[in-house]
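The values are calculated or read from the model by the stated rules, or taken from the named source; none is laboratory data. Computed from a prediction, not measured in an experiment: that's the story for all the values here. When we count neighbours, we look across all protein chains shown, and the Cβ atoms used for this are built from the backbone with ideal geometry, even at glycine. For accessibility, only protein heavy atoms count, side chains too; no ligands or nucleic acids. Shrake-Rupley method; radii C 1.70, N 1.55, O 1.52, S 1.80 Å.
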Amino acid sequence: MNAEVKMASESTNEHKKGTEQLRIADLHAFYGESHILHGIDMKVNRGELVTLLGRNGSGRSTTLKSIMNMVGKRTGSIMINGNETVGMPAHQIAHLGVGFCPEERGIFSSLNVEENLMLPPTVRSGGMSLDEIYEMFPNLYERRMSQGTRLSGGEQQMLAMARILRTGANLLLLDEITEGLAPVIVQTLGEVLLKLKDKGLTIVLVEQNFRFAAPLADRHYLMEHGSIVEEIASHELEEKMDLLNTYLGV
Amino acid sequence: MAELLGFPPQVLFGQLLIGLINGSFYALLSLGLAIIFGLLNIINFAHGAQYMLGAFVAWLGLNFLGVNYWVSLLLAPLVVAAIGIALEKTMLRRLYKEDHLYGLLLTFGLALIIEGSFIHFFGVSGQPYSVPQALTGGNNLGFMFLPTYRAWIIVASLIICFGTWYMIERTKLGSYLRAGTENPQLLQAFGINVPLLITLTYGYGVALAAFAGVLAAPIYSVSPVMGSNLLIVVFAVVVIGGMGSIMGAIVTGLLMGLIEGLTKVFYPEASTTVIFLVMIIVLLVRPAGLFGKEA
């Protein structure tokens with residue numbers, strides 16, 4: 001089904017506008033003098049869940065940060081919902097409907113849980129209401145007046161996710177959301193991701209935990225040394241396991 | 001009359017009042033410094049000059065344009081904030097990624113230039129600015145005489161200080177400021193125009209200094225060096241309170257004014273150094289300051 005969507009999107013331009021949410025072409029990114037990304041090309045369709053796999057330092061997080069214009073310099077093209085964003089100031093990018101959940105979670109210690117939750121401005125209509133969020137993450141409701149960083153790691157991760165669900169963003173960039181969390185919480189996060197996918201949100205997931213990502217994703221991009229070395233659809237996973245093992249050492 | 005701790009109450013309360021007034025200025029000025037340092041990472045050495053500018057805008061307004069005190073209290077902070085915003089947009093903006101030292105040097109240089117030019121035109125001897133009609137006179141409280149204008153300084157600065165505290169700690173706008181102080185890059189990725197927030201914050205910090213300058217005009221003479229005399233103490237207050245702490249700046253400001261006042265009664269020789277002694281002790285015991293977060 002996924003392949004069909006892809007083919008359809010390539011067949012006609014009109015269709016393309018409707019389905020293609022993110023298209024990155026020849027993206028190079030730099031931190032100061034270091035050249036981190038060497039010409040990334042990737043594309044994510046509406047409603048897809050795509051992962052970026054690779055070892056630490058392969059450029060997966062930098063790819064997400066480049067999309068948010070959080071790196072020193074970037075060249076190439078990043079189209080979000082049909083808008084060119086290279087050259088756009090960082091604060092305008094979120095308003096195209098992008099929600100970013102950083103690797104370090106980015107919970108603000110000088111804000112309480114509810115202030116953290118309410119911090120990002122609404123970027124599109126149709127985001128979750130505070131009630132819906134508290135329903136999805138009951139722990140956050142109980143601790144809504146606590147200092148943000150007093151939460152457990154798992155709760156902080158829930159908060160970092162919930163925060164961008166409230167804004168109505170329909171393209172979520174999630175960086176290592178399962179890192180360092182207990183299996184029970186990882187499982188909950190997996191359920192949350194499936195719910196979000198059902199709602200039609202588009203998700204780009206940077207993930208170390210391949211077993212977590214594999215059953216959720218439609219496609220995988222495999223990264224190495226700041227380039228994409230392979231694109232794998234979920235139905236090709238079996239046959240390409242050897243390749244994955246070589247690159248990831250799983 | 002009965003004595004209090006071996007001193008006539010008039011002396012004791014008189015000095016406490018002076019201490020509280022000085023403390024009000026310390027609080028207003030260190031609050032502005034704390035806000036600016038928090039978000040911009042700039043140690044604003046021009047703060048004293050901006051305080052002085054506030055007083056001079058009021059004085060020039062009164063003497064050349066007939067602008068009265070009450071209008072100046074609103075207008076001077078706006079004028080000085082506008083100058084500050086221009087400064088931020090043209091110069092300070094280039095330094096955020098550099099070491100603190102560059103911002104400090106730039107603002108210190110600017111302070112010298114501003115003060116130097118005012119000395120050139122107005123000399124160092126102060127210009128008088130009369131107390132507005134509505135605030136002349138005073139009340140005898142029994143144990144001391146309280147001039148109305150001095151009471152007004154304390155009330156006005158408390159309102160502004162705690163209003164600012166409320167805005168930062170309890171409102172949505174304040175949550176942007178707090179988040180921006182912690183992680184400006186992520187705040188911007190959420191869609192907040194952080195460069196604009198920074199510009200406005202600098203403008204607000206500078207406006208606080210100018211407001212303090214207008215408040216000070218009728219009781220201290222309006223002089224080009226009025227700010228640099230005060231600023232060194234204010235920096236000590238910021239360090240004692242904890243760099244970047246809002247409540248710390250306010251409370252420490254008032255407290256240091258009172259301590260200074262009390263020292264004037266009990267051991268006048270130490271009154272100009274006592275704040276620095278406190279600073280040394282606080283730095284030894286709590287390096288992050290009284291209200292600072294331990295790193």
Practice item. Compute the separation of the alpha-carbon centres of the stretch B:54-82 and the stretch A:143-218 and state it in Å as a whole number. Key: 54 Å
Practice item. Please list A:103, B:269, A:48 in order of solvent-accessible area, largest first, computed with a 1.4 Å probe with all protein chains present. Key: B:269, A:103, A:48
Check your understanding: Mind checking which of A:156, A:21, A:187 has the largest fluctuation in a GNM of chain A, springs on alpha carbons under 10 Å?
Key -> A:187
Review point. When every alpha-carbon pair in the stretch A:103-250 is counted, what percent end up more than 26 Å apart?
Key: 30 percent
Check your understanding: What order do A:41, A:198 take when sorted by accessible area (1.4 Å probe), most exposed first?
Key -> A:198, A:41
Exercise for review: Quickly estimate the mean residue ellipticity at 222 nm for chain B, helices only: each DSSP H run with n ≥ 4 gives -39500 (n - 2.57), and the total goes over all residues, rounded to 500.
Suggested key: -23500 deg cm²/dmol
Point to revise | Cα-centre dipole for the stretch A:22-248 with unit charges at Cβ (Lys and Arg positive, Asp and Glu negative), debye to 20 | key: 540 debye
Check your understanding: Just from its helices, what would the mean residue ellipticity at 222 nm be for chain A, if runs of 4 or more DSSP H residues each count -39500 (n - 2.57) and the sum is divided by every residue, rounded to the nearest 500 deg cm²/dmol?
Key -> -9500 deg cm²/dmol
Practice item. Scan around residue A:230 for amide H atoms under 5 Å from its own, H built in the peptide plane at 1.01 Å from N, and keep only partners 5 or more places away or cross-chain. Key: A:222
Check your understanding: Which pairs, out of A:43/B:89; A:65/B:293; B:89/B:264; A:43/A:195, put more than 32 Å between their alpha-carbon atoms?
Key -> A:43/B:89; B:89/B:264
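At a 10 angstrom cut-off on C-beta neighbours, averaged per residue, how do the peptides B:88-101, B:194-207, B:56-69 rank from highest to lowest?
Working: B:88-101: 13.7, B:194-207: 21.2, B:56-69: 17.7.
Descending mean neighbour count gives B:194-207, B:56-69, B:88-101.
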Exercise for review: Rounded to the nearest 10 degrees, what's the angle between the helix B:100-122 long axis and the longest principal axis of chain B, both from Cα atoms, 0 to 90?
Suggested key: 50 degrees
Study note, to complete from the structure: With the 1.4 Å probe rolled over protein heavy atoms, chain A has an accessible area per residue in Å² of 43 Å²
Review point. In the P(r) worked out for the protein assembly as shown, what percent of Cα pairs fall beyond 44 Å?
Key: 33 percent
Check your understanding: Against the longest alpha carbon principal axis of chain B, how many degrees, from 0 to 90 and to the nearest 10, is the axis of helix B:9-40 turned?
Key -> 0 degrees
Review point. Which ³J(HN,Hα) values, rounded to whole Hz and listed in residue order, are derived for the stretch B:227-235 from phi using the Karplus coefficients 6.51, -1.76 and 1.60 in 6.51 cos²θ - 1.76 cosθ + 1.60 with θ = phi - 60°, glycine and proline given as x?
Key: x, 5, 5, 7, 5, 4, 4, 4, 5
Check your understanding: How far is it, in nm, from the label point at residue B:112 to the one at residue A:182 when both lie 7 Å from their Cα along the line to the Cβ?
Key -> 6.1 nm
**Study point:** All-pairs alpha carbon distance profile, chain A, 5 Å steps from 0, percent
**Key:** 1, 6, 13, 18, 20, 18, 13, 8, 3, 1, 0
Practice item. Go through the stretch A:128-134 residue by residue and turn each phi into a ³J(HN,Hα) via Karplus (6.51, -1.76, 1.60, θ = phi - 60°); whole Hz please, and just put x for glycine and proline. Key: 6, 7, 4, 4, 4, 5, 5
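Test of understanding: what is the full-extension gain from residue A:141 to residue A:211, defined as 0.36 nm times their sequence separation minus their Cα-Cα distance?
Roughly 22.2 nm would be gained on extension.
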